[in-house]
Each structure stands twice: as structure tokens, then as C-alpha cells.
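The structure appears right after this line, and notes come after that.
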Amino acid sequence: MKLLGVLPFARSLLTAAAGPGDTVVDATAGNGHDTLFLADLVGHTGTVISCDIQEKAIKATQNRLNEAGHVSNIHLHQLGHERLTEITRFNESTIAAAIFNLGYLPKGDKNVTTKGGTTIAAIKQLFAQLKPEGLIVLVIYHGHPEGKLEKDDVLSFIQSLPQEEAHVATYGFINQRNDPPFVAAIEKRLVKGRA
Ligand code: SAM
């Protein structure tokens, strides 16, 4: 297949937006796959902020990082991403990229899932702290009931972002069965007259 799958496509966007020394955010740590990917991307001079509401997810992420030998510049927080500004005390224009892998922890409690209202609250906070040309990447799973509601809420919010401020796009396979996940991405536009 020549077309990138949804997860490789999401990672290609992160790679385009961030590199060594950058500050990046994993808004849904889960089992730590994305946090580890981001840690490799920004290297030891960069900073990864990673959060999840479940202790189990934070522990799994910490274990994955330990096994891979990542010890520094990664800040793990057991916290809802809607409270991100409590931990990312940065000025505007700090974050190069952020990823949300929405839904529930694989093999975990399906009732503990991301929700539209809190996801949108986190997107708003991150967008305010994003560098110009920085990206927020969302992998949206809508094969479960809460995911359907979240998809509708999140899409309607990001579609309403002013085009002078953001480029917003989606990527996914539209002929697959069973509501396959898809990517939505928000790029903060350069504003004329500002760095
Ligand atoms: N990115 C993960 C990985 O690489 O393994 C997978 C993430 S999993 C699909 C979704 C995660 O979102 C779950 O671990 C769940 O606990 C977490 N979650 C749900 N609501 C959240 C919230 N408000 N803030 C942060 N994390 C949340």
C-alpha cells in the first residue's frame, strides 16, 4: 500500500512539526507509544510533557520509557489534559507539536475514555501555546458510542476555527468498514508581523 496508514500519517505530521530541542505534548499517554516516539523525536535537548488520567497508563508509559533508556526531559503527569495549563507554564509560542490518541486504553477500562468537552478544552489551551506552524494532531476513534459523540463535538469545534488563524485538515480511509479511526490536524498559521 502506498497510502500511509492513519498512525504512520499522524507520526509523519509530528516529524514535520518537531525536531531536536523542541517542546512537545502527548495529551493521552496510554501505553506510552506516542510519548516514546516524541522523546526520540526531540532528543535529550527537547522536552516531552505527557499526561493521562489513569495511574495505570502513567506507569505503563514510565516502564516503556525506562526500557528504552529515556530518563530525562520527559514529564509525566497523572492529570486530565483539560488541566494542561496547570503543568505547561509556558509563554505563547512554546509547543511545536501535540498528539491526542483519543478513546480508551487498549485492554483497559472502556468506560475511561476521552470526551468531547475535555478534549476541546485541551485543544484550546494547547493552541494558545503552539508555535506558529506548530501542529496539534488528533487520532479520532469513533467506533464506540462515546467516540461518536466526541468525534461530532471535536469536528464541529475545529471546523469553526478561523482560517486566518489555523489550517485544519482530516485524513482517513473512507471506504473501510466499522468506523475506522482518522486523523484531524490543526496547524497554527503564521501571523503577519509576528515571529
Ligand atoms: N497514546 C497512547 C499510546 O501510545 O499507547 C494511547 C492512548 S489511549 C487510546 C487513550 C488514553 O486517554 C487512555 O489511556 C485514557 O486513560 C486517556 N484519557 C482519557 N481521558 C483523558 C483526559 N481527560 N486527559 C488525559 N488522558 C485521558
Please identify the pairs in which a residue from the range 140-152 that is open to solvent by 30 Å² or more (accessible area, probe 1.4 Å) and small (Gly, Ala, Ser) has its Cβ atom under 9 Å from the Cβ atom of a residue that is modelled with pLDDT of 95 or more and within 12 Å of the ligand (Cβ to nearest atom), counting only partners at least 6 apart or on another chain. 143/103; 143/181
Test residue 88 against the stated conditions and say whether it is more than 12 Å from the ligand (Cβ to nearest atom), open to solvent by less than 30 Å² (accessible area, probe 1.4 Å), of a type in the set (Ser, Thr, Tyr) and assigned to a loop (DSSP other than H, G, I, E, B). yes
Can you name the residue in the range 99-109 that is within 10 Å of the ligand (Cβ to nearest atom) and part of a loop (DSSP other than H, G, I, E, B) and, of all such residues, is nearest to residue 155 (Cα to Cα)? 102
Selection status of residue 133, modelled with pLDDT of 95 or more, of a type in the set (Asp, Glu) and not in a helix (DSSP H, G or I): yes
When restricted to 122, 96, 169, the only residue at pLDDT 95 or above and within 11 Å of the ligand (Cβ to nearest atom) is 122
Limited to the range 37-55, what total is found for residues that are surrounded by 16 or more Cβ atoms within 10 Å (Cβ to Cβ) and either near the ligand (Cβ under 9 Å from one of its atoms) or closer than 21 Å to residue 114 by Cβ (or both)? 9
Condition check for residue 112: touching a residue at least 40 places away in the same chain (Cβ under 8 Å) and surrounded by fewer than 21 Cβ atoms within 10 Å (Cβ to Cβ): yes
Filtering the range 65-85 for residues that are part of a helix (DSSP H, G or I), open to solvent by 80 Å² or more (accessible area, probe 1.4 Å) and more than 12 Å from the ligand (Cβ to nearest atom) leaves a count of 2
Looking at (1) of a type outside the set (Lys, Arg); (2) surrounded by fewer than 19 Cβ atoms within 10 Å (Cβ to Cβ); (3) away from the ligand (no atom under 13 Å from the Cβ), which is the only condition residue 62 fails? (3)
Residues that are in contact (Cβ under 8 Å) with a residue 60 or more places away in the chain and open to solvent by less than 60 Å² (accessible area, probe 1.4 Å), drawn from the range 120-139: 122, 123, 126, 127, 132, 134, 135, 137, 139
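The values are calculated or read from the model by the stated rules, or taken from the named source; none is laboratory data. None of the values given here were measured: they were computed from a predicted structure. Cβ: placed from backbone, ideal geometry, glycine included. Neighbour counts: every protein chain shown. Ligands, DNA and RNA are excluded from the accessible area calculation, which covers all protein heavy atoms including side chains. Shrake-Rupley method; radii C 1.70, N 1.55, O 1.52, S 1.80 Å.
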